[in-house]
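Here's the structure we're looking at; comments come further down.
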Amino acid sequence: VFSISPTPCSHQLGHKIERESYINRLQYANIKGYDLLFNNRQPDPRLFFKYNKVAILSEILRNQTFSNTSTHYEWILWIDNDALVIDMSFEIPFQKYANHSCVMWGDIKRFREVGDVESINAGVVLLRNNEWSRRFLETVATFGYNNKSARIDELKKGIPNFQKHYYDQNGFLYTLKH
């Protein structure tokens, strides 16, 4: 799953980057036999658009809008627009994650000891389609609602080196830690 902004990118190469990003995911999905779910709309207007990933993933996990069939996805892989699949032969080790609901890159020691916003990277996230993931995303979304100033203060207090421009990654980190 991936998304681009519903509004045109203002960067002069934005359209080209978005197109190449789409082609990259399409190639990987075709090689692996995966469905590719693409979005360029804002499914929840209550959420600040930088939290669009959370709304899209939530919608897929509730099996709405993205599928006209009764397709049930056991796992959902999100890849941010600015990340690429380099190794097209990479196999996702689903067996390794049999007892997990959420997989993302992180420095586990840094996460446990410091818990700063750079101890994880929410740009590539593998989520199991289960109740835990749905509740997790619902909680993360609460940081992205348009009237969220109290929640931002909570993030600032709960995340060492809080950086506003990390948007949904702040929400992911805070929710995982608390």
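Couple of notes before you dig in:
- Qualifying residues in segment 141-165 (those that are modelled with pLDDT of 90 or more and aromatic (Phe, Trp, Tyr)) - the one nearest to the chain's Cα centre (by Cα): Phe143
- Any hit, segment 66-74, residues being among the polar types (S, T, N, Q) and buried (at least 17 other Cβ atoms within 10 Å of the Cβ): no
- Flag for Leu84 being touching a residue at least 60 places away in the same chain (Cβ under 8 Å), of a type in the set (A, V, I, L, M, F, W, C), closer than 30 Å to Ile17 by Cα and in contact with a Leu (Cβ under 8 Å, 6 or more places away or on another chain): no
- Residue in segment 150-175 that is least open to solvent (accessible area, probe 1.4 Å), counting only those that are in a helix (DSSP H, G or I) and of a type in the set (Phe, Trp, Tyr): Phe172
- Breaking point among (1) in contact with a Gly (Cβ under 7 Å, 6 or more places away or on another chain); (2) buried (at least 17 other Cβ atoms within 10 Å of the Cβ), for Ala83: (2)
- Residues located in segment 123-149, provided they are among the charged types (D, E, K, R) and open to solvent by less than 70 Å² (accessible area, probe 1.4 Å): Arg128, Arg134, Lys148
- Checked across segment 8-21, the condition of being in a loop (DSSP other than H, G, I, E, B), under 19 Å from the mean Cα position of the chain (by Cα) and surrounded by 16 or more Cβ atoms within 10 Å (Cβ to Cβ) holds for no residue.
- Any chance Phe143 is touching a Leu at 6+ places or on another chain (Cβ under 8 Å), part of a loop (DSSP other than H, G, I, E, B) and closer than 30 Å to His15 by Cα: yes
- Residue that is surrounded by the most Cβ atoms within 10 Å (Cβ to Cβ), among those in segment 33-55 that are in a loop (DSSP other than H, G, I, E, B) and modelled with pLDDT of 90 or more: Tyr34
- Hey, Arg112 under 20 Å from Leu155 (Cα atoms), at pLDDT 95 or above and not aromatic (Phe, Trp, Tyr) or not: no
- Filtered residues of segment 91-122 (kept if open to solvent by 10 Å² or more (accessible area, probe 1.4 Å) and of a type in the set (Gly, Ala, Ser)): Ala98, Ser101, Gly106
- Scanning segment 120-138 for residues that are of a type in the set (Ser, Thr, Tyr) and modelled with pLDDT under 95 yields a count of 0.
The values are calculated or read from the model by the stated rules, or taken from the named source; none is laboratory data. Being a predicted model, the structure only gives us computed values, none of them experimental. When we count neighbours, we look across all protein chains shown, and the Cβ atoms used for this are built from the backbone with ideal geometry, even at glycine. Quick note on the areas: whole protein, heavy atoms, side chains included, nothing else; ligands and nucleic acids left out. Shrake-Rupley method; radii C 1.70, N 1.55, O 1.52, S 1.80 Å.
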